[in-house]
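Since the structure comes first, as structure tokens, the remarks are kept for the end.
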Amino acid sequence: MIEFSLCFLLFLGTIVGFGQMAMAVWIKTTLHHAVREGARFAITGQTIGGAGQDSSIQQVISRSTAGVLSTAQAASLVSIEFFDQAGAPTASNAGGNTVVISVRNYPVPMLVPAPVSYVRNALTVSAQAVARLEPYTTAPAR
């Protein structure tokens, strides 16, 4: 009976560990898909409604995450940077520039409750996508 309880605890810990890592990989894959969709939207120069381009990109990313990233989280975790054709950082989203969209340090929720878990949000994932903007005549408002 003692052998069973020791082996069962080891087995249970292994199963929970595999589940935690599977969830982290799924969240990273979902975030990577979302930032790719955001980059694909950014290169067209479109906006959603009366919003600027940055907030429109954040909305597209938030919609593409299957509920993983809320709109409030997108505002704080999504980073949108532009670079000119020489590779220098710029505030301009003019056509021909490069856009780098990233979600940094998204905390993966733990499967084990907080009082039992000693790591507590120690696992974070990030995703990034890079694209060159299409040449358009007038850049949208950021």
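The values are calculated or read from the model by the stated rules, or taken from the named source; none is laboratory data. Since the structure is predicted, the reported quantities are computational estimates derived from the model, not experimental observations. When we count neighbours, we look across all protein chains shown, and the Cβ atoms used for this are built from the backbone with ideal geometry, even at glycine.
Here is how the numbers come out for the structure above:
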read-out	value
Cross-chain or 6+ apart pairs with Cβ under 9 Å, region 2-31 first and within 15 Å of S126 (Cβ to Cβ), then in a helix (DSSP H, G or I) and among the basic types (K, R)	none
Residue that is surrounded by the most Cβ atoms within 10 Å (Cβ to Cβ) [pool: residues in region 1-50 that are of a type in the set (D, E, K, R) and more than 14 Å from R63 (Cβ to Cβ)]	K28
Qualifying position, being modelled with pLDDT under 95 and in a helix (DSSP H, G or I), among Q73, Q85, Q46	Q73
Residue, surrounded by the most Cβ atoms within 10 Å (Cβ to Cβ), within region 61-107, restricted to residues that are in contact with a Lys or Arg (Cβ under 8 Å, 6 or more places away or on another chain) and within 13 Å of S126 (Cβ to Cβ)	L77
Filter pass, N97 being at pLDDT 90 or above and touching an Asp or Glu at 6+ places or on another chain (Cβ under 9 Å)	yes
Where N105 falls short, out of the listed (1) modelled with pLDDT of 90 or more; (2) more than 11 Å from the chain's Cα centre (by Cα)	(2)
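Each row is one residue, and each column tells you yes or no for (1) of a type in the set (A, V, I, L, M, F, W, C); (2) out of contact with any strand residue (DSSP E or B) (no Cβ under 8 Å at 6 or more places or on another chain); (3) free of Cβ contacts under 8 Å to residues at least 12 places away in the same chain; (4) within 30 Å of T14 (Cβ to Cβ).
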{"site": "G49", "(1), (2), (3), (4)": "no, yes, yes, no"}
{"site": "G67", "(1), (2), (3), (4)": "no, yes, yes, yes"}
{"site": "A72", "(1), (2), (3), (4)": "yes, yes, yes, no"}
{"site": "I80", "(1), (2), (3), (4)": "yes, no, no, no"}
{"site": "P89", "(1), (2), (3), (4)": "no, no, yes, no"}
{"site": "S92", "(1), (2), (3), (4)": "no, no, no, no"}
{"site": "S102", "(1), (2), (3), (4)": "no, no, no, no"}
{"site": "M110", "(1), (2), (3), (4)": "yes, yes, no, yes"}
